[in-house]
Structure formats: structure tokens, C-alpha cells
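What follows is calculated from the coordinates using simple rules that are stated; it is not laboratory data. Bear in mind that the values here come from a model prediction, so they are computed numbers and not experimental data. A quick note on method: Cβ atoms are made from the backbone with ideal geometry, for glycine too, and the neighbour counts reach across all protein chains shown.
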Amino acid sequence: MMIRNDWTRQEIADIYYSPILDLIYRAAGVHRQFNDAQEVQVCTLLSIKTGGCPEDCAYCSQSVKYQTGVDVHKLLPVAEVLDKAQEAKNNGSTRFCMGAAWREVRDNKDFDKVLEMVKGITNMGMEVCCTLGMLTETQAQKLKEAGLYAYNHNLDTGAEYYEQIITTRTYEDRLQTIDKVQKAGISVCSGGIIGLGETDEDRISMLYTLATLPHHPESVPVNALVAIEGTPLENQARVSVWEMIRMIATARITMPRAMVRLSAGRMEMSMPEQALCFMAGANSIFAGDKLLTTPNTEVNQDKAMFQLLNLKPREAFKDAELAIV
Ligand code: SAM
Ligand code: DTB
Ligand code: SF4
């Protein structure tokens, strides 16, 4: 099998709708053909600037439009962030991802501080990822020069459903940001969320957009909605693990080399359920007891899971030469 960027929507739908055990079996095969299936990347997230975001993403605890009770704070001091990164490294993470509740990056003192954080953490030998909203080509270049390895910018959902979830920016804005990141030679992390009230067709549509980009994202997070009280999606039903598996497996088959990340929603999943996700091709997780603003599985529990499932943490910068095209 070759890596393809010319998938048709129908081909992706056929994969997505195939009988679940066949789908897992096929995804497991593709995974073993392209990757070391024992290896799982361990990333830690930190919200470096929380809340007060002017965007209206219907799922988010950090938008000013909703009363969610999130603990709002301005940009954390550089030294505090470096400490957290060191702690994550000591706990076995090889990638550190910093999130800021910004609509877009601005050229100000805060951005200079983020560049310092990127430099500092890169020097510790970790892959650094940021998710800071939209940015310009020059800002992407500056991040790259500071050592930034990856940038996360999710499509979130399919193009057709997007307006139901976010009205303050467009799908095209999202795609353009991803393009700028890629052109700056930074590894792209882009995926989405399921459980927003979207249909299967919307999920297929998102995977179709990702899998037909000129370069597949190097990493594709699959999040299950963490329903946040106070947001328009507070009463959304939890997605079933089978839906997560379907997404993960379809992402794995259509984007064979990407790191497919079992992201938000792991708290509610048992170890056997997570094992099925790894079987279906997931090869990356977020570790640490917090995601950005919500709780995550405990580090010790994950260590026990790695042992039991014979998984080994992926080392940092393994694909450095592949990531830059
Ligand atoms: N503000 C920046 C942005 O939106 O690009 C960066 C931070 S934002 C919180 C990063 C991503 O986290 C979102 O694109 C979304 O996919 C995911 N996310 C946010 N809240 C979530 C929730 N409640 N459940 C699942 N995923 C969520
Ligand atoms: C991604 O796709 N998921 C992460 C990361 N990229 C930035 C964020 C998940 C956030 C879950 C809700 C919260 O903790 O606020
Ligand atoms: Fe702001 Fe990002 Fe949350 Fe949207 S997802 S409201 S852009 S922090």
C-alpha cells in the first residue's frame, strides 16, 4: 500500500462504514506496515494562557461567550512553564504542548515569552508543540527559528458542520493557518472532535479534508467531546468507544504514517477500550493529570497500562528528518 493524497470521499466512507472488526483488522495491518505498533508517543499538555478567548467554539471552556467557571489567567511566567516541562520530561513525556486561549498570535511581549519557552524546552531535548490560534507566516517562521517542532491547529469537524460550532472564524481560515505552518517547515498536528452533534458524514468529511491535504498532517488528534457545563454543548451525550475506534481506524488507513492521537475523552475509557484504540492504530496519547482545563488519566495508571499492553514510549525527534518536507 502507498501513501495517498487522492482519496475520494466515497472511498473514505466505504472504509468508515465497514464492519467494525474488519475495520480494526485492516487498520492494525496498515499500522504494522508503516509504524512500530508497540511504540506510543507520550505528550504532556499545558495551558499557558487560560480563558477569556474571544472565539465562540461551542465546545470550549475558555470562550468569553460562555460561563464555565474556568480559572482565567494571563500568560504563565517562563520559569514556571519550564519547570512544568521538566516535570513532564521526568514523567516520561517526549513532547510538550503549550496551549493559549488566543484567537490569533499577536506580535507583543507575550509572543516573545512564548518564543523563550519554546527555546528553553527544545534545549531540554523535548519536542515542543504550540497551539496558539491563527498566525502569520512571519510568526510561524519565528516559532520555527526558536526551535518549535509542531503546531496544533484542529479542523475540529467537517466543513459543512463547522458553522454550527464556530461562527467567529471560517474553515478556510483554519486551512490557511495549517498551510502557513507547513510552509514554515513545522510539523502539523491537526484533527478534530467527535460528539459535537455531527453526523457520520460530517466525520467522513473532516477525514476527507485531512487525508487529501497536499501533505498529511504528521499528527492527527481524535478527541471525544468533554462536555463542559455552561457551553452550548453541555448536554451532549458521550460518544461510544466504537465511534472513537471507527475514527481512529479510518484515520490510520487513510493517513498511514501520521501519529494518530487518542486525545480528550480517555478518562472515561477502560484499559481494554484503550487497547482497542491502539489496535486500531492510535499511537499517541496525552499524559499528565490535566489536559488544558479538564482532568486526564493519572500518570501511574498510564505507566501500568504501558506495561500491561507491552507498549513503549516513543523517543523524541525520531522523525525529525521526515517531518520537514
Ligand atoms: N485557541 C487555540 C485554537 O483553538 O486553535 C488553541 C487551544 S484549543 C483549546 C485546541 C483544541 O482543543 C481545539 O481545537 C479542540 O479541538 C480541542 N478542544 C477544546 N475543548 C475541547 C473539549 N471540551 N472537548 C474536546 N476537545 C476540545
Ligand atoms: C487536541 O486536539 N486536544 C488537546 C490539544 N489538541 C490542545 C486539547 C484537549 C482539550 C480538552 C478540554 C480541556 O481540557 O479544556
Ligand atoms: Fe478559543 Fe481555542 Fe477555545 Fe476556540 S477552542 S474558544 S479558539 S481557546
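How big, in percent, is the set of alpha carbon pairs in the range 135-272 lying more than 26 Å apart?
24
In units of 2.2 N^0.38 Å, what is the alpha-carbon radius of gyration of the chain?
In units of the globular-protein estimate, the chain measures up at 0.92.
Do the sum for the chain: with -39,500 (n - 2.57) for every DSSP H run of n ≥ 4, divided by all residues, what is the mean residue ellipticity at 222 nm, to the nearest 500 deg cm²/dmol?
Theoretical 222 nm ellipticity from helices: -11500 deg cm²/dmol.
Please compute the alpha carbon radius of gyration of the range 102-175, then divide it by the globular-protein estimate 2.2 N^0.38 Å. Two decimals is fine.
My calculation over the Cα atoms of the range 102-175 gives 1.24.
Convert 10 °C to kelvin, take the viscosity as 1.306 mPa s, use the Kirkwood radius over C-alpha pairs of the range 1-143 as Rh, and evaluate the Stokes-Einstein diffusion coefficient in µm²/s, rounded to a whole number.
Approximately 87 µm²/s, per Stokes-Einstein.
Quick check: Cα centre of the range 141-212 to Cα centre of the range 70-125, how many Å?
That distance is 21 Å.
Going by amide H atoms built from the backbone, whose H comes under 5 Å of the H on F317, apart from near neighbours?
Here E127 satisfy the definition.
Could you tell me the calculated FRET efficiency between A304 and Q176, based on Cβ-Cβ distance and R0 = 56 angstrom, to the nearest 0.05?
My answer for the efficiency is 0.85.
Using only Cα atoms, figure out Rg for the range 176-218 and give it as a multiple of 2.2 N^0.38 Å.
Normalised Cα radius of gyration, the range 176-218: 1.29.
Can you pull the Kirkwood radius for the range 43-86, inverse mean 1/r over Cα pairs, to one decimal in Å?
With all distinct Cα pairs of the range 43-86 included, I get 11.6 Å.
Quick one: if you stick a label point 7 Å off each Cα along the C-beta vector at E243 and A37, how many nm between them?
2.7
Given 0.36 nm per residue, what is the gain on full extension from A79 to K318 after removing their alpha carbon distance, in nm?
Here the answer is 83.3 nm.
Tally Lys and Arg at +1 and Asp and Glu at -1 over the other residues with C-beta under 12 Å from the C-beta of F306: what net charge comes out?
Summing Lys and Arg as +1 and Asp and Glu as -1 gives +1.
Calculate one ³J(HN,Hα) per residue across the range 42-51 by plugging θ = phi - 60° into the Karplus curve 6.51 cos²θ - 1.76 cosθ + 1.60, and present them in order as whole Hz with x for glycine and proline.
Result, ordered by residue: 10, 10, 10, 9, 9, 7, 8, 8, 10, x Hz.
Between E163 and Q141, what is the spin-label point distance in nm, taking each point 7 Å from the Cα along the Cα→C-beta axis?
If labels sit at E163 and Q141, their model points lie 3.6 nm apart.
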